[in-house]
Amino acid sequence: MLTKRIVPCLDIDRGRVVKGTRFLDLRDVGDPVELAERYEAEGADELVLLDITASSDGRAAVLDLLRSAAGRVFIPVTIGGGMRSVEDMREALRAGADKVAVNSAAVARPALIDEAARAFGRQCVVLAVDVRRGSTLSGWEVMTHGGRRQAGLDALVWMQEGAERGAGEILLTSMDQDGTQAGYDLELLEATSAAVSIPLIASGGAGAPEHLRAALEAGADAALAASIFHDRHYGIGAVKEYLAQAGVAVRR
C-alpha cells in the first residue's frame, strides 16, 4: 500500500514565511530555513516552498533561499512561483529543488507543461492550481497570479488537460478554505480525484488532524498544511500518529 504524505507548506514573501486567510491578510511566521529544518525533524515527508508574490511581481523565484533550505534538509523539496520557462525550472532544479510547481505561466501557455515533462520527466512537474467556487461547469474556477486574476478556466477541465500534457502531480488549493482552518473542500477533492489519475496534493483549510484524514480519505495522496504546523497547534508526528491509529497508511 502506498503511504500518504504529510507536506508542510512555506509561503515565501520577501524572504520570510508568511500565512494569510484566503490569500489575504498575510502575517509573518518565521524564517524559511529554520522552519524547513524543524519540519524535517518532526517527520515531514516533503516540503513545498511557494514564492507567493513572484508571479504577481513579475520576478524570478528566490533561488538563494531555495539553495539554503535544500542544503539543510534531506527530504524532497518542491518550489513554485515565478517559473515561466523550462530554463527557470532548470535553474530551480540545479539550486536543489526535486520538483517544480507551475501555475500562472502554465495557464498563459499550456505547452510549458509538455516542454517541462519532456525536459525533466513528469515526476518533476507539479501543476499548482488555485481555485475558488464560481460559475464554471464544475463549479470551480482557476485563479492565477497569487489568486489575483481569474483565468476563465474550469478547474476540472484544466487539471485534466494538465495531466494529459505531462504534469506528474497536482497541488490543488481551495482559496475559499485557505487559512480558515475549517477543513479542506472535500467535494472539490472528490471531484478532482475522480477526474484525474495522477497524484493529488490537497491544500487549503487544515486546522486539525481530522481534516487531514478527511482529505486523504476523499482521494488526496498527500495533505499539505501550513497554519496548523506554523502555530504549533499540532506537530507532524502527532498528526501521523493520529492518522496511523485511524488506519491511514503513513510513513513513520
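Select from segment 136-165 the residues that are of a type in the set (Val, Ile, Thr) and under 16 Å from LEU112 (Cα atoms) and list them in ascending order. The answer is THR144, and nothing else.
Residues in segment 214-241 that are under 22 Å from LYS19 (Cβ atoms), in contact (Cβ under 8 Å) with a residue 24 or more places away in the chain and out of contact with any strand residue (DSSP E or B) (no Cβ under 7 Å at 6 or more places or on another chain): ALA214, ILE228, ASP231, HIS233, TYR234, GLY235, GLY237, ALA238. Listed by position, the strands (runs of 3 or more DSSP E) contained in segment 1-115 that have at least 3 residues being farther than 26 Å from LEU153 by Cβ and more than 15 Å from the chain's Cα centre (by Cα) are 24-30. When GLY147, GLY179, GLY168, GLY134 are screened for being at pLDDT 95 or above, surrounded by fewer than 24 Cβ atoms within 10 Å (Cβ to Cβ) and touching a strand residue (DSSP E or B) at 6+ places or on another chain (Cβ under 6 Å), only GLY168 passes. Residues in segment 150-198 that are assigned to a helix (DSSP H, G or I) and free of Cβ contacts under 8 Å to residues at least 12 places away in the same chain: GLU164, GLU187.
Restricting attention to segment 202-252, which residues are of a type in the set (Ser, Thr, Tyr), in a helix (DSSP H, G or I) and either modelled with pLDDT under 95 or crowded, with 20+ Cβ neighbours inside 10 Å (or both)? The one that is of a type in the set (Ser, Thr, Tyr), in a helix (DSSP H, G or I) and either modelled with pLDDT under 95 or crowded, with 20+ Cβ neighbours inside 10 Å (or both): SER227.
The values are calculated or read from the model by the stated rules, or taken from the named source; none is laboratory data. Please read these numbers as outputs of a predicted model, since none were measured by experiment. For neighbour counting, all protein chains shown are included, and Cβ atoms are generated from backbone atoms with ideal geometry for every residue, glycine included.
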